[in-house]
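Derivation of every value follows stated rules applied to the coordinates shown; laboratory data play no part. Bear in mind that the values here come from a model prediction, so they are computed numbers and not experimental data. Because the Cβ atoms are built from the backbone with ideal geometry, glycine has one as well, and the counts that use them run over all protein chains shown.
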Amino acid sequence: MSHTHLPVSEADEFKHWVEYAAVYTTNIKPGPFNWVNWFMSYLNFQIEHHLFPGMPQFRHPIVSPRVKALFAKHGLKYDERSWIPCMRDTWMNLKSVGETVGKGKKA
């Protein structure tokens, strides 16, 4: 849900890892009672996960405000969405990709 609906980089396109995490990753908001944190085992913080892959996942919400501030300081988008829109975007992307598979082939 944090990757599939976003664009991918071009073969000759260079982005440093912080920029790559900003452009190609989405965070999913914790939701009421932080249920998304529990449900996704804190991997709803994909930006932080990509920036700090060795950090224990339960610490991602702690560093998230600092990452957000860093992105704002450098003009990078901190993409954070609610669970339902992310799920919808993921399913729509899967549908779109699925429709392209097998085009032009006879059954």
Output the residue which, of all residues in the stretch 22-44 that are touching a Lys or Arg at 6+ places or on another chain (Cβ under 9 Å) and not in a helix (DSSP H, G or I), is surrounded by the most Cβ atoms within 10 Å (Cβ to Cβ). Asn44
When residues of the stretch 68-88 are limited to those that are surrounded by 14 or more Cβ atoms within 10 Å (Cβ to Cβ) and not in a helix (DSSP H, G or I), the one farthest from the chain's Cα centre (by Cα): Leu76
Give the residues of the stretch 40-58 that are without any contact (Cβ under 8 Å) to a residue 12 or more places away in the chain and over 16 Å from the mean Cα position of the chain (by Cα), sorted by residue number. Gly54, Met55, Pro56
Out of the residues in the stretch 45-67 that are under 15 Å from Cys86 (Cβ atoms) and hydrophobic (A, V, I, L, M, F, W, C), state the one that is surrounded by the most Cβ atoms within 10 Å (Cβ to Cβ). Phe45
